[in-house]
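Student: The structure that follows is given in the form of structure tokens.
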Amino acid sequence: MSAVCGGAARTLRVPGRHGYAAEFSPYLPGRLACATAQHYGIAGCGTLLILDPDESGLRLFRSFDWNDGLFDVTWSENNEHVLITCSGDGSLQLWDTAKAAGPLQVYKEHTQEVYSVDWSQTRGEQLVVSGSWDQTVKLWDPTVGKSLCTFRGHESIIYSTIWSPHIPGCFASASGDQTLRIWDVKAAGVRIVIPAHQAEILSCDWCKYSENLLVTGAVDCSLRGWDLRNVRQPVFELLGHTYAIRRVKFSPFHASVLASCSYDFTVRFWNFSKPDFLLETVEHHTEFTCGLDFSLQSPTQVADCSWDETIKIYDPACLTIPA
């Protein structure tokens, strides 16, 4: 592994590991978790990387290997050392960065690849959702060895599951069946079904500033915003990517700013409240860019990871200039 701090980006090269997801710690400034897979996730094992910034760029703090590709990662909301990954063998893994070995626990119920996992941000509940190629979403309490509930209704692969940061027990899922769905754990069923694109939807995210606003990113190269009070038409559509959008994230600091990464190798930053909505295009990868996250501590810091075997932390120009 080699670290490079060239230009504005801190870079860690991880030979033989293709990046699928990156997530900043909600506790430790600059600490980043990255879920990776060998052989582009088609075969081989996976590695969870825990990174810290240092003078030379990025330093590997800890790594954990799993016997199948790792596709997503989420940090605990009540313990700075704990996180969960999900993998191609249908399992979730619970890790503790304070321990050199792991995992502490494995949750194996999905019957196909698990592509998405998210830990609830509501402090009163320790709940995790996972979305799988088996067309189900499962609800977990990490202290319990089996799932609490299974949500059915999607008619294709589930690529993305995300908790509402506003409404306890509410989460969204996005699928290859071209729908965005809103679920309530208390009702154990779907609340809203939105036919959001005429293409597979690979990612969704919930706005940090509005309980009614979500965004979807799809194979049709578009990002669409959805107001849950009226879902007949998107409230915005952002065009510019030239291949499928793999991940989309709202900024935690700017109410109308979001970022997306794509199979066109780029990361793009947008302000959906402006007529010229594309703020910046970052072209520093040479392969599919799959992982993306905003720092929760720094208003300007972003991380991404790619199939080009690099992980980057950087400050895009558009976030360092006052809006």
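The values are calculated or read from the model by the stated rules, or taken from the named source; none is laboratory data. As the structure is a prediction and not an experimental result, all values here were calculated from the model. Positions of Cβ are generated from backbone atoms using ideal geometry, with glycine treated the same way; all protein chains shown enter the neighbour counts. When the accessible area is computed, the model is the full protein with side chains, heavy atoms only, and any ligands, DNA or RNA have been set aside. Shrake-Rupley method; radii C 1.70, N 1.55, O 1.52, S 1.80 Å.
Student: Any chance the range 59-69 includes a residue that's within 20 Å of TYR20 (Cα to Cα), open to solvent by less than 50 Å² (accessible area, probe 1.4 Å) and assigned to a loop (DSSP other than H, G, I, E, B)?
Tutor: For the range 59-69, residues within 20 Å of TYR20 (Cα to Cα), open to solvent by less than 50 Å² (accessible area, probe 1.4 Å) and assigned to a loop (DSSP other than H, G, I, E, B): present.
Student: The conditions are (1) over 17 Å from the mean Cα position of the chain (by Cα); (2) in a loop (DSSP other than H, G, I, E, B), and LYS208 fails exactly one of them. Which is it?
Tutor: With (1) over 17 Å from the mean Cα position of the chain (by Cα); (2) in a loop (DSSP other than H, G, I, E, B) applied to LYS208, the lone miss is (1).
Student: Still on this structure, I have one more. For residues that are open to solvent by 50 Å² or more (accessible area, probe 1.4 Å) and of a type outside the set (Val, Ile, Thr), scanning just the range 114-144, find the one that is nearest to CYS86 (Cα to Cα).
Tutor: It comes out as TRP133.
Student: Pick out the one residue from ALA21, ALA3, ALA43 that is modelled with pLDDT of 95 or more and not in a helix (DSSP H, G or I).
Tutor: ALA21
Student: Among the residues of the range 185-195, write down those that are modelled with pLDDT of 95 or more and surrounded by 14 or more Cβ atoms within 10 Å (Cβ to Cβ).
Tutor: ILE192, VAL193, ILE194
Student: Would you mind finding the one in PRO234, PRO252 that is part of a loop (DSSP other than H, G, I, E, B) and either touching a Gly at 6+ places or on another chain (Cβ under 7 Å) or open to solvent by less than 10 Å² (accessible area, probe 1.4 Å) (or both)? If you could, list the steps in order and put the result at the bottom.
Tutor: Numbers: PRO252 fails: either touching a Gly at 6+ places or on another chain (Cβ under 7 Å) or open to solvent by less than 10 Å² (accessible area, probe 1.4 Å) (or both).
Of the residues listed, the single one that is part of a loop (DSSP other than H, G, I, E, B) and either touching a Gly at 6+ places or on another chain (Cβ under 7 Å) or open to solvent by less than 10 Å² (accessible area, probe 1.4 Å) (or both) is PRO234.
Student: Got at least one residue in the range 96-105 being surrounded by 21 or more Cβ atoms within 10 Å (Cβ to Cβ), touching a residue at least 24 places away in the same chain (Cβ under 8 Å) and over 20 Å from TRP183 (Cβ atoms)?
Tutor: yes
Student: Please state which one of ARG229, ARG246 is crowded, with 18+ Cβ neighbours inside 10 Å and without any contact (Cβ under 8 Å) to a residue 60 or more places away in the chain.
Tutor: ARG246
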